[in-house]
Amino acid sequence: MVVMASRKLIRDAICKGAVSRLFQGARHWSSASETIHKIPHTSKKGRLLTGATIGLVIAGGAYVSTVDEATFCGWLFSATKLVNPLFALLDPEVAHRLGVLAAARGWVPREKRLDPPILALEVWGRNFSNPLGLAAGFDKHAEAVDGLLGLGFGFVEVGSVTPVPQDGNPKPRVFRLRGEGAIINRYGFNSEGIVVVAKRLGAQHGKRKLDESSSTSPSSSDDVKQGGKAGRGILGVNLGKNKNSEDAAADYVQGVHTLSQYADYLVINVSSPNTPGLRVLQGRKQLKDLVRKVQEARDEMQWGEEGPPPLLVKIAPDLSKEDLEDIAAVALALRLDGLIITNTTVSRPEPADNNPLAAEAGGLSGKPLFNLSTNILKEMYILTRGKIPLVGCGGISSGEDAYKKIRAGATLVQLYTAFAYGGPALIPQIKGELAECLERDGFKSIQEAVGADCR
């Protein structure tokens with residue numbers, strides 16, 4: 001029995017995990033052998049790399065045979081810490097693309113462990129296994145949704161997606177401020193367009209439905225309830241406008257008509273600093289007109305029992321008190337489903353202001369943004385009287401940071417820059433730390449802690 005259980009564990013952990021994607025089945029060993037023979041005998045690096053890879057697989061198999069699946073899963077996530085520093089040697093945009101490719105191809109670990117029960121929550125009638133999400137901007141073209149959700153995020157937001165494909169701003173357009181834990185980017189809504197993204201999401205949606213219908217293993221009611229249209233987690237779609245568009249509302253409406261059927265929630269992005277004139281749409285009249293048109297476009301579509309996807313607006317951190325009051329008034333008057341607070345900043349908060357790269361144009365994200373975005377979050381929670389779910393985004397790099405966002409009024413939180421620096425291992429770390437923070441202060445759920453610093 002022990003031998004059989006060990007064999008099953010090896011098969012499940014390796015054949016379904018990240019290691020299996022190096023060598024899947026015996027047929028791949030033959031191709032691997034051919035590749036090995038093609039390496040010149042004089043290439044010491046080639047022989048060493050091949051030997052190390054084979055050794056890792058064999059050692060991994062031996063390791064799996066002695067531990068349970070949860071322990072092995074933790075080992076895989078920890079192992080990414082060895083690989084992540086290599087990305088720092090690459091150009092930032094190249095590293096970004098490789099990160100997306102790795103998640104899309106399944107070259108990242110897959111979380112097998114259950115989230116702490118204290119992190120589970122329901123928002124907009126959707127069940128989140130945890131409140132930690134990946135912000136828009138990482139998977140701009142919806143290439144790696146399954147792989148990213150598999151890392152253990154409670155939700156993933158793709159985009160921004162524009163109606164017509166566009167290249168964005170000239171390169172270089174991404175800059176690391178490593179010492180400050182920050183990034184400056186001026187991508188400028190580079191997008192493959194809504195048609196390509198719709199096809200991609202449609203294919204993923206169809207594959208999931210096929211897998212569900214052909215599955216022979218019984219699912220519990222909890223399994224059915226968890227997750228959304230993308231599978232195990234919740235999927236958000238962030239909509240943008242084309243740079244040269246003369247009708248912003250028409251761009252967002254087109255995005256709603258094409259992509260909303262695949263989204264668990266939609267986001268109107270009017271706060272990127274890298275598209276000329278975009279932030280003007282945050283003005284009271286402009287925002288009210290825009291939100292109303294987008295809501296009408298969404299509501300005129302045919303929806304099933306779940307109803308239409310919730311509609312959120314993502315705002316900037318560079319707003320005055322009057323601006324925030326106007327946005328709150330619009331959100332309450334039009335019964336907006338949520339706000340994401342905040343996008344990147346055009347300011348250069350300390351200590352980023354002393355970095356030579358601070359002079360580069362673009363939006364700054366990461367640790368220096370934390371206090372600014374959290375203050376805006378707290379102010380908006382007070383202005384909306386806690387009636388609208390808020391998503392806290394900006395500078396989160398630990399469970400304590402996420403907890404502070406929640407106490408300031410966030411129901412959900414998102415990260416991006418810290419993930420770019422810390423890699424997959426950061427996700428279970430933040431979730432574990434967040435659970436500890438809640439338990440330490442006597443909270444029994446996320447909902448109990450939301451807005452605790454505003455009461």
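In this structure THR71 has an accessible area near 60 Å², from a 1.4 Å probe over the protein heavy atoms.
For VAL450, the shell of other residues with beta-carbons less than 14 Å away shows a net charge of +4, using +1 for Lys and Arg and -1 for Asp and Glu. Summing charges over all other residues whose Cβ lies under 12 Å from the Cβ of ALA408, with Lys and Arg as +1 and Asp and Glu as -1, gives +2.
Counting only heavy atoms of the protein chains and using a 1.4 Å probe, GLU296 has close to 110 Å² of accessible surface. Let me make sure I get this right: for region 308-404, a, b and c are the square roots of the gyration tensor eigenvalues over alpha carbons, sorted descending. Under 1.5 in a/c it's rounded, otherwise prolate if a/b > b/c, else oblate. Which is it? Since a/c reaches 1.5 and a/b is larger than b/c, the shape of region 308-404 is classed as prolate. Each Lys or Arg adds one and each Asp or Glu takes one away; over the other residues whose Cβ falls under 15 Å from the Cβ of LYS321, this sums to -4. Grouping the Cα pair distances of region 106-201 into 5 Å bins from zero gives a pair-distance distribution of 3, 11, 16, 17, 18, 17, 11, 5, 1, 0 percent in increasing distance order. A Förster radius of 41 Å combined with the Cβ-Cβ distance from LEU101 to LEU332 puts the calculated FRET efficiency at roughly 0.45. Using Cβ point charges alone (K and R +1, D and E -1), the dipole size of region 275-381 about the Cα centre works out to roughly 160 debye. Around the Cα centre of region 243-317, unit charges on the Cβ atoms of Lys, Arg, Asp and Glu (plus for the first two, minus for the last two) sum to a dipole of about 520 debye. Put THR258, THR275 in order of accessible area, highest first, and with a 1.4 Å probe you get THR258, THR275.
The values are calculated or read from the model by the stated rules, or taken from the named source; none is laboratory data. All values derive from a computational prediction rather than experimental measurement. Positions of Cβ are generated from backbone atoms using ideal geometry, with glycine treated the same way; all protein chains shown enter the neighbour counts. What goes into the accessible areas is simple: the full protein's heavy atoms, side chains included, and nothing from ligands, DNA or RNA. Shrake-Rupley method; radii C 1.70, N 1.55, O 1.52, S 1.80 Å.
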